[in-house]
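Below: one structure, written as structure tokens.
Where a number appears in this text, it was derived from the coordinates with a stated rule and is not lab data. Quick caveat: nothing in here was measured; it's all calculated off a predicted structure. Glycine gets a Cβ as well: all are built from the backbone with ideal geometry, and neighbour counts include every protein chain shown.
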Amino acid sequence: MIHNESNIDGFFDFKSVYDELAGNICSGEKFAEVGVFRGASLVHFISKTKELGKRVECYAIDIWKRDHEFYTFFCSCMTYNVNDVVKPIRAPSDIAHYMIPNKSLFSCMLDGCHKYQSVVTDIQNYLPKVTNCLLGHDYHIPSVAQGVQDTLGNSVKINGNTWIYYV
Ligand SMILES: C[S@@+](CC[C@H](N)C(=O)[O-])C[C@H]1O[C@@H](n2cnc3c(N)ncnc32)[C@H](O)[C@@H]1O
């Protein structure tokens, strides 16, 4: 786990990617993160959009297998005053996507299950939702890289451990 400046421990090593995205997204647009854990990355993203004077509603999608993980995320949102724009969906990503209309998100980050078939399914389910870009974390994991290449080909951009596909 990585200890972040926000004091929310997690697996957040894509600050520069989220900072750029926060700059590009407009107020009133929506964002989703699949695989939220305690909220390290999502809370950072929302804080950045707020710093820039934007209001961006964000779906927070995670199974939060243990209740205390969900409560920790909930507390993170309250502590950092981002609870007003967070819409948690506590469900597997292949169910949660039914709650989100096509083309209703500016962007979506995939950081949930990293098994090959889940990566492929998440890309297939969430690509139709976005109007700007689909992103994902942990590209260094072979099952993730293979799933991304098999569905999106070589047109993804890589930034550290993060892949980005512009639609
Ligand atoms: C690597 S962590 C996410 C890290 C987070 N983005 C951060 O900044 O710390 C992966 C998360 O994905 C969730 N997850 C695993 N399988 C999932 C699935 N099928 N649907 C939704 N969430 C899932 C786990 O519960 C876990 O919280």
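Scanning residues 5 or more positions from residue 131 or on other chains, those with amide H under 5 Å from its amide H are 105, 106, 107, with H placed 1.01 Å from N in the peptide plane.
Any idea which of 149, 114, 32 is furthest toward the positive side of the dipole for the chain, if Lys and Arg beta-carbons carry +1 and Asp and Glu beta-carbons -1? Comparing the listed Cα positions along the dipole, 32 ranks first. Label separation (residue 67 vs residue 24): 4.1 nm, computed from points 7 Å beyond Cα along the C-beta direction. Volume per residue for region 53-131 equals 97 cubic angstrom (convex hull of Cα atoms). If the segment from residue 131 to residue 52 were pulled out straight at 0.36 nm per residue, it would be longer than the present Cα-Cα gap by 26.3 nm. The calculated 222 nm mean residue ellipticity attributable to helices in the chain amounts to -11000 deg cm²/dmol, summing -39500 (n - 2.57) over DSSP H runs of n ≥ 4 and dividing by all residues. Here region 5-166 carries DSSP beta bridges of which approximately 25% are antiparallel, counting only pairs with both residues inside.
Label positions at residue 117 and residue 103, each projected 7 Å from the Cα along the C-beta direction, are separated by 3.2 nm.
With the cut-off at under 12 Å, measuring from each backbone N in region 35-51 to a point 7 Å along the Cα-to-Cβ line of residue 161 picks out 41. With one equal scatterer per alpha carbon and no solvent term, the Debye-computed log10 I(q)/I(0) for region 5-166 at 0.11, 0.12, 0.15, 0.20 1/Å reads -0.38, -0.46, -0.74, -1.41. A Cβ-based charge dipole, computed about the Cα centre of the chain with Lys and Arg at +1 and Asp and Glu at -1, lands at about 320 debye.
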